Every structure is written in structure tokens, then in C-alpha cells.
Amino acid sequence: MMAIPDGRFDEQELLPLLDRLREKGHRVIVLSRSGKEGRGMGKSTFQPDGMIVDWNKQSGVSGKYHAVLVLGGKGASRSLWDDPILPQILTDHHRSGSLLGAVGTGVVVMARAGLLHRESPGPEDQSVTHELERCGVRRIDVLMEVEDRLILAQDARAISAFADAVLNKLMQLNPEP
């Protein structure tokens, strides 16, 4: 499952990651807060599969997802950071052994869910740094960090390495796509 902002999502995060996961045979459900077609920061449009609140009502999905990934973009602060359901999904999936990941401004959602404890990669953005600090997390200037079942990337520059790490971890956790 991938969570994206309603609007102003980052196509440079979403599209390459989505393509790589699907190309390797993984079924990917992309959800947003509204479930409506959104416009990316580069002006392209994308139609999510549904709403975050309906995460467990997606066709063909029973139980938990193998991975929950939170992607960013300029719209994340308005539609993902304060979403009441997403932190519950993340903590529930973390407890059940699923892989979790976040890219760019999506790392704030992980911090607000209480899943980051010391430091995290994140974009050089004052509001992201402030939100991470409010959660007791220091923003570090590294492109990506992998710790057990948690993968964090600073921004779209790390999306290829992020995709590789997600695919490798999925293979370790569940050898069948």
C-alpha cells in the first residue's frame, strides 16, 4: 500500500517506485485521503485506488499489507500529516511485522505515529525539520536509511535506492510477490 497526498504529490517519488514494484510483480494499492484524482507538483494527474480510510476494504486485500509506504510532496502537510487513520495503519502494520517506508515529507507521518526515535533523513525544509523536532527526531542529511523493517529516504533523489531496498526487504519478509 502507498499513501500519497491528495494534491501536490511528488511524481518523481510516486511514478518510478510504482513502476518498479509493479514490474517485479507486486500488486500496489495507492490511496489518498480523498481518493480523488490529484495533481502532482509537476502538474501530472493521478487517480488513486481509493481513500486511506478504506485501506482494509480494497478489492482482493485481506488482512495486512506486506508494506505500507508514505510518499511526500508539497501537499503532504495538508493531507497526510494530520490524517487520523494513517498513523493507526502504520503502527498496526509495524506491530504485525510489515515493512514500512517513507520518502521526503512523508517522514513526518512516521514521526507523528511514534515510529521514529532518534534521527531521520528528510528534505531540507524548515517545516519538516520543525515537525520532526517536535516529535523528538533530528533531521539528518543522508539520502536514505534502512533499519530493520523501516526504510526512510530524504527525497526523490533516493527513489531508486529506496525501491531497491523495499524490493529486497519484501523478498526477505515474503518471498512471493
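Ranked by how many other Cβ atoms sit within 10 Å of their own Cβ, fewest first, the residues F46, F162, F9 fall in the order F46, F162, F9. Structure remark: mean-square fluctuation, Gaussian network model of the chain, C-alpha springs under 10 Å; the largest value among V146, V107, V128 belongs to V146. Set the Förster distance to 41 Å, then compute FRET efficiency between E119 and S59 from the Cβ-Cβ distance, nearest 0.05. The calculated FRET efficiency here is 0.60. Between R39 and N174, the simple label model (points 7 Å from Cα in the Cβ direction) yields a spacing of 3.6 nm.
Given the options S62, S98, S44, which has the most mean-square fluctuation in a GNM of the chain, springs set between C-alpha atoms less than 10 angstrom apart? With Cα springs under 10 Å in the chain, the top fluctuation among S62, S98, S44 is at S62.
The ranking of S59, S77 by Cβ neighbour count inside 10 Å, starting from the fewest, reads S59, S77. For the pair K74 and A161 in one chain, pulling the backbone fully straight at 0.36 nm per residue adds 29.2 nm over the alpha carbon distance.
Go ahead and run the numbers for FRET between E23 and D82, Cβ-Cβ distance against an R0 of 41 Å, rounding to 0.05.
So, using R0 = 41 Å, E works out to roughly 0.75.
From least to most packed, judged by other beta carbons within 10 angstrom and beginning with the fewest, I29, I52 follow the order I29, I52.
The helix-based estimate of mean residue ellipticity at 222 nm for the chain, built from -39,500 (n - 2.57) per DSSP H run of four or more residues and divided by its residue count, is -9500 deg cm²/dmol to the nearest 500. Cross-link pairs exceeding 22 Å in C-alpha to C-alpha distance, out of K64/K169; K24/K57; K36/K74, comprise K24/K57.
Values in this text are rule-based calculations from the coordinates and carry no lab data. Fair warning: this is a prediction, and the values are worked out from it, not measured in the lab. Counting neighbours? That spans all protein chains shown, and the Cβs are built from the backbone with ideal geometry, glycine included.
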